[in-house]
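Quick notes on the structure that follows.
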Amino acid sequence: MLLMTKSVLAMMIGFILSVITAAILIPILKKFKVDQNLSIYLREAHQSKSHTPTMGGLIFLLPTLFTVTILILTGKMVMTYTLAIVLLSFIGYAMIGFIDDYLIVLRHNNKGLSEGQKLLLQLIIAIVFFYLFMKAGNEPLIWIHTFNIRCNIGFFYGLFILFLLLASSNAVNLTDGLDGLAGGLSVIAFLAFGLISYNTGWLEGYTDLGLFCFILIGSLLGFLVFNTKPAKIFMGDTGSLALGATLGTLAILTRHELLLVIIGIVFVLETMSCILQRYYYKLTKKRLFPMAPIHHTFEKWGWKENDIVKLFWIIGLLGAMVALAFGVWF
């Protein structure tokens with residue numbers, strides 16, 4: 001009961017600080033015209049969003065880091081090795097996203113970091129994470145907890161970790177295309193991993209990982225007050241890369257890597273739609289979908305933005321419930 005109370009309080013603190021941060025930050029970003037530049041393919045459908053400020057990820061990044069720092073200084077949380085690794089991914093990928101967003105705003109177009117530059121920076125942080133993770137004495141295992149199956153894949157586990165971090169960070173980034181979509185799905189995913197963290201008693205600092213998740217959930221809920229349709233601010237790469245990488249990090253640390261596919265089922269579908277679209281076009285010079293990521297296809301089919309977001313939230317929630325039932329309850 002004490003742990004649940006601490007979790008609710010952590011969410012509440014994150015939420016309040018996030019709302020305050022948004023109230024301060026949004027007018028500043030508007031004043032300095034830190035606007036979102038829309039793709040030429042979306043300008044007609046999303047014309048009303050053309051002057052919406054970006055870098056909104058700061059609204060949940062800063063309160064989360066501030067709250068974690070205060071709780072550590074007051075002894076309510078402990079800076080464990082595992083929490084430090086999570087914060088490394090959280091801050092590191094946020095910095096990559098911030099640089100990308102800054103360049104886009106500076107150049108007044110959608111050309112921030114190139115794909116190669118962004119991938120290289122992501123890879124560097126992923127390699128540092130892998131080094132710290134293995135230095136802690138972790139074995140290169142794929143672990144299916146429900147059946148207590150542990151498969152040692154040796155050298156390939158390193159490649160698996162690098163792939164997982166890169167894929168998860170970019171998956172959330174691709175999903176961030178409609179008001180509230182990526183933010184709401186992230187709330188669901190971090191709720192699932194918060195509960196999973198509390199169930200990993202063998203992991204050093206598992207309660208602190210759970211509290212981190214609930215602080216971030218509260219901050220994300222505060223962000224969604226301003227990000228749901230009509231959005232007053234966009235998340236930007238600053239937030240989406242950080243969220244995706246942190247989800248991947250939590251999946252690895254809790255040894256529930258495979259459950260991430262189910263918990264983040266919408267992120268997976270969004271990413272697969274982009275991959276299929278790209279390679280199908282290269283082979284046939286035709287589009288497999290009217291537009292990718294897949295949420296834009298629903299727009300092309302005439303769906304309202306709110307209806308698409310609600311549908312995808314429901315799919316994400318169902319995926320998270322299935323993953324919790326399979327990975328924790330059974």
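The values are calculated or read from the model by the stated rules, or taken from the named source; none is laboratory data. A quick note: this is a predicted structure, and the numbers were derived from the prediction, not measured. Don't worry about glycine lacking a Cβ; one is built from the backbone with ideal geometry, like all the others, and counts go over all protein chains shown. The area values use the complete protein model at the heavy-atom level, side chains included, leaving out ligands, DNA and RNA. Shrake-Rupley method; radii C 1.70, N 1.55, O 1.52, S 1.80 Å.
Points to keep in mind about this one:
- Any chance Leu324 is within 29 Å of Leu58 (Cβ to Cβ) and in a helix (DSSP H, G or I): no
- Top-ranked residue in the range 1-31 [being among the hydroxyl-bearing types (Ser, Thr, Tyr) and touching a Pro at 6+ places or on another chain (Cβ under 6 Å); ranked as most open to solvent (accessible area, probe 1.4 Å)]: Thr21
- Failed condition for Lys286, given (1) loosely packed, with under 14 Cβ neighbours inside 10 Å; (2) under 14 Å from Leu174 (Cα atoms): (2)
- Pairs meeting the criteria (first residue in the range 247-262 and of a type in the set (Ser, Thr, Tyr), second residue not in a helix (DSSP H, G or I), beta carbons under 7 Å, at least 6 apart or on different chains) are Thr254/Thr200; Thr254/Leu203.
The rows are residues; the columns are (1) of a type in the set (A, V, I, L, M); (2) at pLDDT 95 or above.
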site: Ile16; (1), (2): yes, yes
site: Ala23; (1), (2): yes, yes
site: Val34; (1), (2): yes, no
site: Gly75; (1), (2): no, no
site: Gly112; (1), (2): no, no
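- Top-ranked residue of the range 281-297 - restricted to ones that are part of a loop (DSSP other than H, G, I, E, B) and without any contact (Cβ under 8 Å) to a residue 60 or more places away in the chain, ranked as nearest to Ala182 (Cα to Cα): Ala292
- Filter pass, Asn306 being crowded, with 23+ Cβ neighbours inside 10 Å, of a type outside the set (Asp, Glu) and within 30 Å of Ile24 (Cα to Cα): no
- Failed condition for Ser273, given (1) in a helix (DSSP H, G or I); (2) of a type outside the set (Phe, Trp, Tyr); (3) in contact with a Gly (Cβ under 8 Å, 6 or more places away or on another chain): (3)
- Selection status of Phe226, in contact with a strand residue (DSSP E or B) (Cβ under 8 Å, 6 or more places away or on another chain) and either modelled with pLDDT under 95 or closer than 30 Å to His51 by Cβ (or both): no
- Enumeration of residues in the range 90-112 that are small (Gly, Ala, Ser) and within 23 Å of Thr64 (Cβ to Cβ): Gly92, Ala94, Gly97
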